[in-house]
Amino acid sequence: MANTLFHKVWDTHTVRRLPSGQTQLFAGLHLIHEVTSPQAFDMLRQHGWRVAFPERTFATVDHIVPTSSQRRPFLDVMAEEMTVALERNCREFGIPFWPPDHENQGIVHVIGPELGLTQPGMVIACGDSHTSTHGAFGAIAFGIGTSQVRDVLASQSLALDPLKVRRIDVNGRLNPGVYAKDVILTIIRRLGVRGGVGYAYEYGGDTIDRMSLEERMTICNMSIEGGARAGYVNPDDTTFAFLKGRRFAPQGAAFDRAVAWWRSLASDANAGYDDRVGLTAGSIEPTVTWGINPGQSVGVGERIDGDARDEAFAFMGFHPGDRVAGTKIDVAFIGSCTNSRLSDLEEAARIVRGHKVAPHVKALVVPGSRTVSQAAEARGLHEIFRSAGFEWRGAGCSMCLAMNPDRLEGRQICASSSNRNFKGRQGSPTGRTLLMSPAMVAAAAIAGEVVDVRTMLDEVTA
Amino acid sequence: MSQAQAILSVTGRGLPVRGDDIDTDRIMPARFLKAVSFEGLERHVFEDDRAADPWHPFNDARYKGASILVVNRNFGCGSSREHAPQGLARFGIAAVVGESFSEIFQGNAAVMGLPCFAADRESIDRLQSIVEKTPEVTITADVQSGVVTAGDVRIRASLPSALRDAFVSGQWNPTAMLLDRFEEVREVATRLPYVTGF
């Protein structure tokens, strides 16, 4: 019977139907970090449970690590305590852990893929809602809470209800200056921040087919911002080429056998979906959020439409009919699990080269991992950013969620390549976030205000 | 593991928090996640919203001691932080009645024994209005029948069937169930090519 990847993976990972009616689902890869795991380990100890498959969990630190100096002990006593707790827990339960000074350290959703841990056909769990990122490889990846982290540690499985599947087709060529970030912001704008509740999103169409894995990760990463707990792209030759030779990917003949299995899991051409939505790539503009959830966005040239009583207007200081273009910014942030990979930094650097950051703007680039950082430095990107006036930082979550020293102050406005523009998200209860692509952030940093990156691309390509 | 208790109904006074898409960053700002335990989170529930709005329901003395939160659409969206429902539960919230919930929030709340009931917009608006007018009204949310009563008002508010059954049977904390037939977990592992090395 024709089936979707979601259902094939769900079925191969089903342990049994629980007495509660939920499905017990095997989680093949579990990623943990310092914020949502310490209480889970305490619960294990409390009950005398062991970690069932310690070799299927991998740990690193990302949320709380400072990005200016990563020397230990961290100046922030609590950040140090959380890191030590994770180190101790991993040692006690035999879980591989990459500490802040390890070459593999980085944001969990950046390092999983770059190490080849993330593979097609897996069920992946992590105590972080952006786990949906890993769906870019054709995995089903769930963000979970701490009690579920405990469950995965104890039993390598989760109690879940199945999701419906919505196929989202994007077809056609994206215009220059329009990126994966604009595609997903447009999808969320169209379907709403709760449109995906109850669904997994399957992204396809020729636009997605032509995308690199890094672009697909940006799309899948923000599935959760549209309410979809999981999002994925069917695995294809691009996926297999990305994985080949990566440290944890199968090697040699095993790789070829893996490819055959991975191919078999892709949704069948005549698979049925619970819903279908289509988008035309050519109609997508560089997109910017103006409000306090990721669905409140407009094309950079558009006027904001909405009900003036919506609290987002008062909080952000916009009015219906305003344009976001021309908004003066205080901070420019390039980073986060959405947009901190090499291609994001390359595209931003292309805009920045030969320019200076506007004098009133604090601008920072935070690579997603040490590996990204080293690759960028090998290409001289750090010099381009630095000479323009950007700070070049160490890897971590940084200003996406401000659990570390990087944060907004007062009512500052930040042009940000991250994923959430919630009130207070970037560390100041009154701080304001404008989400956009890394290239748009780079352009805003230079102009000192939100601008259409296409006006600067003309200059780059001229 | 101690045997979990069946949760058949929750009774208490209401606490209405109006607004759609209230995310977990608002319920529990990230800076309070810098900890290795959930202790003390009750002090920080809606901290920034409360500071910005003296009239925030969590500041309102009329709702002191309330245990049933009444909310609107997509409550608990965003971050998967269990610190949000943990903070609410430690504050004294024992049930949430709303138009809809983010799945991660609803799942996190369930495994802590905190049921999230969903009802239509009109019913929720009525419930919020009743509580705003008469904060002392007693609300009862019945898990099995999916009926929420407040004084002489009665609304339909349901839980996803698997969660409802889990509360009724006392099996809302799934770890023991997940470990119950662990040999079947191992069997699945041996069937998965990526576990066995292709």
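Just a few scattered comments:
- Gained length - B:S161 relative to B:R18, 0.36 nm times residue gap less alpha-carbon distance: 48.9 nm
- FRET efficiency estimate (nearest 0.05) - Cβ-Cβ, A:S387 to A:R190, R0 25 angstrom: 0.05
- B:D120/A:R210 FRET efficiency (R0 45 Å; Cβ-Cβ; nearest 0.05): 0.55
- For the stretch A:19-35, the residues whose amide N sits under 16 Å from a probe point set 7 Å from the Cα of B:V168 along the beta carbon direction are A:19-22.
- Distance between the stretch A:384-462 and the stretch B:83-130 - C-alpha centres, whole angstrom: 34
- Using a cutoff of 8 angstrom between alpha carbon atoms and counting only pairs six or more residues apart, the relative contact order for chain A works out to 17 percent.
- Separation in nanometres of the label points that stand 7 Å from Cα toward Cβ, at A:F255 and A:E311: 5.2
- Applying 1/(1 + (r/R0)^6) with r as the Cβ-Cβ distance of A:R247 and B:F182 and R0 = 35 angstrom yields a FRET efficiency of 0.70.
- Within the stretch B:79-120: backbone nitrogen closer than 20 Å to the B:N59 label point (7 Å, Cα to C-beta): B:88, B:91
- Most simply put, chain A has about 25% antiparallel DSSP beta bridges, counting only bridges with both residues inside it.
- Length gained when the stretch A:E103-A:H360 is fully extended (0.36 nm per residue, less Cα-Cα span): 89.1 nm
- Where N is the number of residues in the protein assembly as shown, Cα Rg divided by 2.2 N^0.38 Å: 0.91
- Per-residue ³J(HN,Hα) for the stretch A:368-379, Karplus 6.51 cos²θ - 1.76 cosθ + 1.60, θ = phi - 60°, Hz, x for Gly and Pro: x, 7, 5, 5, 4, 4, 5, 5, 5, 5, 4, 8
- Angle between chain A longest axis and helix A:38-47 axis [Cα atoms, degrees, rounded to 10]: 20
- Relative to the dominant Cα principal axis of chain B, helix B:182-191 is inclined by about 60°.
- Selected from B:A84, A:G172, A:P99, residue furthest toward positive end of dipole (the protein assembly as shown; charges at beta carbon): A:P99
- Degrees separating the helix A:77-93 axis from the principal Cα axis of chain A, which is the longest one: 20
- Three-way shape call for the stretch B:9-168 based on the alpha-carbon gyration tensor, with the a/c threshold at 1.5: oblate
Throughout, read-outs are computed from the coordinates displayed, never taken from laboratory work. Note that this is a predicted model, so its numbers are computed, not measured. For neighbour counting, all protein chains shown are included, and Cβ atoms are generated from backbone atoms with ideal geometry for every residue, glycine included.
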